[in-house]
Each structure stands twice: as structure tokens, then as C-alpha cells.
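The values are calculated or read from the model by the stated rules, or taken from the named source; none is laboratory data. For clarity, every value in this text was computed on a predicted model and none was experimentally measured. Positions of Cβ are backbone-derived with ideal geometry, glycine not excepted, and every protein chain shown enters the neighbour counts.
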């Protein structure tokens, strides 16, 4: 992928190009993500980070369910501004960070749950993926959980004008390594607003450092 500034400009342009409800990845509610977060969260005080939050309603739904420590990260200022406007006064309840997650200054051991739907598959370079994994390993608590959703083996090869990497459960877990124990994986067939189908792979891991 291009450098951080180029990536930021690219995604700002994507989010300005059409309403978020028309984006290929749009879902009114991320039901599978919410179910997994509910499954692994130790309680409503759990610290949850949504990576590549964009204009997703996941943060809205987490607040509605009573979660009190939600962080949203996205590289696009345009997307973050739109999400904050949508939330109105409730935006104050979310910690917002506009940054490239591979380079962001994230606090060590801060999060109980790391959630990423459709960021990791844009990291086409090995160095980018390694930097991402280092961030996860540093920022998630021992015993915390990592939820990552990418395009599956039959998913698209490009998205939003960029090449992506497709994964099955074995290859995705292999990117993360032994300190992430794979608990579960599943395929989701996502119906896009344009009425096409995209295959997503969800993997759930637990952080178990030596």
C-alpha cells in the first residue's frame, strides 16, 4: 500500500465519493462482529478498539449495548468526522484516533478486544503486516481477544481501487503467530449494497504470550 499520507488521501477521497450506505462493505449493523465482541468481552467496562472504524455503526451499537470504553481508529479524517456527526453528543463517549494503525502510538496492554473488519487484507506488503501484528501484540492485554475479518479465499482481489490479500483461516493465523491462539473461524457471505456477494473470513484469537 502507498505511504501513510497517500493512503490517507486515498481513503478521504473514497469516503467523499458516495454515501457510506453505498460503500461495498456497508452493513446497517455488523451482527457477527457484535456477537463475537459480546462473546469475549469480560464486561461492559471492557476496552474495545475498532480498527478501520470508518463510518461503520459498530461504535453506535457498542454504546447502545452499554460498553463504556470504545476506541475508534481510522486513517481517514473524512470518515471519522462523518461518524462523529452521526453520533452527535454520544461521540464524546468514544476515543477517536485518526491514524495509520501500523504506525499509531497505541498504549501498551490497553485493550481487551481488538476488532478489525477489512483493514488487514489491504496490507499487501510483508513489512506492513508485521508492523500491524506488532501493534496488536503490544496493545492487547494478555488473555485479550483479537477479531479480524478479511476477504476469504473466494473474496474479491481488489477493493476501492486497491489490491487486497485473500486468506483462509490457516494463512491468516500464520500471519499472527504462536502468541495468538486461534479459537474459531467462520465464513460470512456479505451482500453488498449493489447486490453482489463478497466472501469474508472471520478469525477469533486469544493473546497468550509465553
Inset, instruction - Would you mind stating whether residue 88 is part of a loop (DSSP other than H, G, I, E, B), modelled with pLDDT of 95 or more, surrounded by fewer than 22 Cβ atoms within 10 Å (Cβ to Cβ) and more than 16 Å from the chain's Cα centre (by Cα)? - result: no
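Listed here are the residues, each with its yes/no results for (1) in contact with a strand residue (DSSP E or B) (Cβ under 8 Å, 6 or more places away or on another chain); (2) part of a helix (DSSP H, G or I).
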site: 103; (1), (2): no, no
site: 134; (1), (2): no, yes
site: 147; (1), (2): yes, no
site: 181; (1), (2): yes, no
site: 189; (1), (2): yes, no
site: 193; (1), (2): no, no
site: 200; (1), (2): yes, no
Legend entry - Of residues in region 121-143 being touching a residue at least 40 places away in the same chain (Cβ under 8 Å) and touching a helix residue (DSSP H, G or I) at 6+ places or on another chain (Cβ under 8 Å), the one surrounded by the most Cβ atoms within 10 Å (Cβ to Cβ): 136
Inset, instruction - State the number of residues belonging to region 63-73 that are touching a helix residue (DSSP H, G or I) at 6+ places or on another chain (Cβ under 7 Å) and either touching a residue at least 40 places away in the same chain (Cβ under 8 Å) or in a helix (DSSP H, G or I) (or both). - result: 1
Inset, instruction - For residue 113, indicate whether it is over 22 Å from residue 193 (Cβ atoms), in contact with a helix residue (DSSP H, G or I) (Cβ under 6 Å, 6 or more places away or on another chain) and surrounded by 22 or more Cβ atoms within 10 Å (Cβ to Cβ). - result: yes
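Does residue 83 satisfy the criteria of being without any contact (Cβ under 8 Å) to a residue 60 or more places away in the chain, over 30 Å from residue 196 (Cα atoms), assigned to a helix (DSSP H, G or I) and touching a helix residue (DSSP H, G or I) at 6+ places or on another chain (Cβ under 8 Å)?
no
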Inset, instruction - Output the qualifying pairs, or none if there are none: Cβ atoms under 6 angstrom, residues six or more apart or on different chains, first residue in region 157-172 and on the phi < 0 side of the Ramachandran plot, second residue assigned to a loop (DSSP other than H, G, I, E, B) and surrounded by 17 or more Cβ atoms within 10 Å (Cβ to Cβ). - result: 166/155
Inset, instruction - Return only the number of the condition from (1) buried (at least 22 other Cβ atoms within 10 Å of the Cβ); (2) closer than 28 Å to residue 196 by Cβ that residue 47 does not satisfy. - result: (2)
Legend entry - Evaluation of residue 203 against (1) touching a helix residue (DSSP H, G or I) at 6+ places or on another chain (Cβ under 7 Å); (2) closer than 30 Å to residue 69 by Cβ; (3) touching a residue at least 60 places away in the same chain (Cβ under 8 Å) (one fails), failing number: (3)
Legend entry - Failed criterion for residue 53 (all others in (1) part of a loop (DSSP other than H, G, I, E, B); (2) surrounded by fewer than 19 Cβ atoms within 10 Å (Cβ to Cβ); (3) in contact (Cβ under 8 Å) with a residue 12 or more places away in the chain hold): (2)
Legend entry - Residue, farthest from residue 206 (Cα to Cα), within region 91-101, restricted to residues that are in contact with a helix residue (DSSP H, G or I) (Cβ under 7 Å, 6 or more places away or on another chain) and not in a loop (DSSP other than H, G, I, E, B): 91
